[in-house]
Each structure stands twice: as C-alpha cells, then as structure tokens.
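Participant: One structure coming up, written as structure tokens, with questions to follow.
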Amino acid sequence: MKTGQFELIYLACFVLVSVVRAVGVTLARRQADTKQKTLPKWNLDTLGALLQSLGLFILPFVYLFSDWLDFANFHMPAGPGYIGGLLYLFGIWILWKTHRDLGANWSDSIETRQGQTLVTGGIYSRIRHPMYTAHTVMALGQVLLLGNWIAGPSFLVLQLPFYALRIPAEERRLLQHFGRAYRDYMLRTGRLLPKLG
Ligand code: SAH
C-alpha cells in the first residue's frame, strides 16, 4: 500500500465522502421508494454509477493497494498536492450541503418520484446541479492528490463527460414533473455555477 501523505489525504477524503453519502441515503430513505420502474435494467443511471465507481475509488484503490498502475506514476510536488487536498475537502463540503438541502428528494437516479418536491432553496437557489459541481471539484482535487496519470484523472475523465448526457436527461424529467415551476427555476439559476448577472 502507498502511504505518502497525499495518498493518505485521499483515503481520508474517501472515508468522508462515504460518510456524507451514507447520511444522504438515510435522509432520502425517509421517503418510500416510488420511483417509476419503467427503465430498462441497463440505462443512463447504471452507466453513471459504473463510471463513478471506477473513477472515484476503483482505479485509485488499484493504484494505492497494488503495483499494477505503477508504470504511470509520477512525483507529485507538495504545492499541488496540498491544493488538491483543499479542493477535495471543498468538494465534500458542497456535497454535504446538497444532501442537506435535497433531503428526501435525493436519489441516485435521474428519475423523479411521486411526492417529490422541488427544492429551490439553500445551495439550490443559485445552482441547479450543485452535486455535480461538488463531484467536479472533488475530481480536480483527486488529479492533484494522486501522482499517477491513470488514477489521478480517472474521476474527471470517466465521470464528468457523462454529465453532458445526464444533466439534460435529468432536466427533461424535472420539466415533465414540475412543469412551469422548473422552467422558472431554470431561468434564475445556472447549471453548475451560479448564473451571472
Ligand atoms: N442534479 C442535482 C441532483 C442530483 S441527485 C444536483 O446535481 O445537485 C438526482 C435526483 O435529484 C433526481 O432524482 C432529480 O429528480 C432530483 N433533483 C434534481 N434537482 C432537484 C430539485 N431542484 N428539487 C428536487 N429534486 C431535484
């Protein structure tokens, strides 16, 4: 196992992400699962979960706990490494706010549920997809924490392009579900960053 300071910071961040996610899942369970079950078994959500797992921890764990990816290692200087740690922590902080604000409306699927309410407060008052913003910031942190050309950028490269498919699909569902209310909400918010002006 690699025990450099930045690898250990990455592991600590991974534990924190898992705790935040577990709390998020608990908050969401307060609502019975009434998701529409019309999707085929393999859909955008399964693909997203697979890409996220690979980039967020599977490839980093292969790098940390084996020598299989060592051919792609490089020395990470201290400055970028610490910035990476701070970025990752900042991403986790945003992630925590999204779970707190979404509460029972969170799910790992792009589908809406019966009884879902439209959240427009807290961090959602300026940004429509702050959870994906959080993932982006965490992914940038990971690039700077792991001194490996495969494991470092894996989250950024595997997960984020997928959001180009996921965000429009999720917004189409939210528009179907909430209609005018979501359309108005779209006008005053940005997708991943607060709307300028
Ligand atoms: N895309 C959002 C939420 C990700 S979780 C973000 O990045 O923060 C995905 C679930 O959140 C989907 O089931 C979707 O229907 C729901 N969702 C997304 N935005 C929402 C909102 N403003 N209010 C309520 N539910 C929302």
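The values are calculated or read from the model by the stated rules, or taken from the named source; none is laboratory data. Every value quoted in this text rests on a predicted model; they were computed, and no experiment measured them. Virtual Cβ from ideal backbone geometry, glycine too; neighbours counted across all protein chains shown. Heavy atoms of the whole protein, side chains included, go into the accessibility calculation; ligands, DNA and RNA do not. Shrake-Rupley method; radii C 1.70, N 1.55, O 1.52, S 1.80 Å.
Participant: Explain nothing, just the number: dipole magnitude of the range 92-195 about its Cα centre with +1 on each Lys and Arg Cβ and -1 on each Asp and Glu Cβ, in debye rounded to the nearest 20. Intermediate values should be presented prior to the final figure.
Facilitator: Numbers: 13 positive and 6 negative charges, 75 e Å.
The dipole magnitude comes to about 360 debye.
Participant: Check N148: other-chain or 5+ apart residues with amide H under 5 Å from its amide H, H built from backbone geometry?
Facilitator: F74
Participant: Separate question: Can you send over the solvent-accessible area of V19, 1.4 Å probe, protein chains only, in Å² to the nearest 10?
Facilitator: 80
Participant: When the distances between all Cα atoms of the range 51-197 are binned every 5 Å from zero, what whole-number percent does each bin get?
Facilitator: Pairs per bin, as whole percents: 2, 9, 16, 20, 17, 13, 10, 7, 4, 2, 0.
Participant: Another question, then. Got a sec? Charge dipole of the range 5-188, +1 on Cβ for Lys and Arg, -1 for Asp and Glu; which of L95, P80, I58 is way out at the positive end?
Facilitator: So the residue we want is L95.
Participant: Summing +1 for each Lys or Arg and -1 for each Asp or Glu, what net charge is found among the other residues whose Cβ lies under 13 Å from the Cβ of H99?
Facilitator: +3
Participant: Something else: Note down the net charge around C13, summing +1 for each Lys or Arg and -1 for each Asp or Glu among other residues with Cβ under 13 Å from its Cβ.
Facilitator: Taking every other residue near C13 into account, the sum is 0.
Participant: Could you sort W106, W68 by accessible area so the largest value comes first, with the probe set to 1.4 Å?
Facilitator: Heavy-atom accessible area, descending, gives W68, W106.
Participant: In the chain, what percent of the accessible surface is made up of carbon and sulfur (1.4 Å probe, ligands and nucleic acids excluded)?
Facilitator: 68
Participant: Please list R173, R100, R29 in order of solvent-accessible area, largest first, computed with a 1.4 Å probe with all protein chains present. Intermediate results must be reported in sequence, preceding the final value.
Facilitator: Working: R173 45, R100 120, R29 175 Å².
Solvent-accessible surface, decreasing: R29, R100, R173.
Participant: Just the accessible area per residue of the range 77-197, please: how many Å² with a 1.4 Å probe?
Facilitator: Values: 5530 Å² over 121 residues.
Result: 46 Å² per residue.
Participant: Can you put W149, W96 in order of accessible area, largest first, using a 1.4 Å probe? Walk me through the numbers before you get to the answer.
Facilitator: Values: W149 170, W96 95 Å².
Result of the area sort, largest leading: W149, W96.
Participant: Moving to a separate point now. In debye, nearest 20, what is the charge dipole magnitude of the chain about its Cα centre with +1 on Lys and Arg Cβ and -1 on Asp and Glu Cβ, if you could check?
Facilitator: 940
Participant: For V19 and R126 in one chain, what is 0.36 nm times their gap in residues minus the Cα-Cα distance, to one decimal in nm?
Facilitator: 36.0 nm
Participant: Positive end of the dipole of the range 5-188, charges at C-beta (+1 Lys, Arg; -1 Asp, Glu), about the Cα centre: which of T117, V23, C13 has its Cα farthest in that direction?
Facilitator: It is T117.
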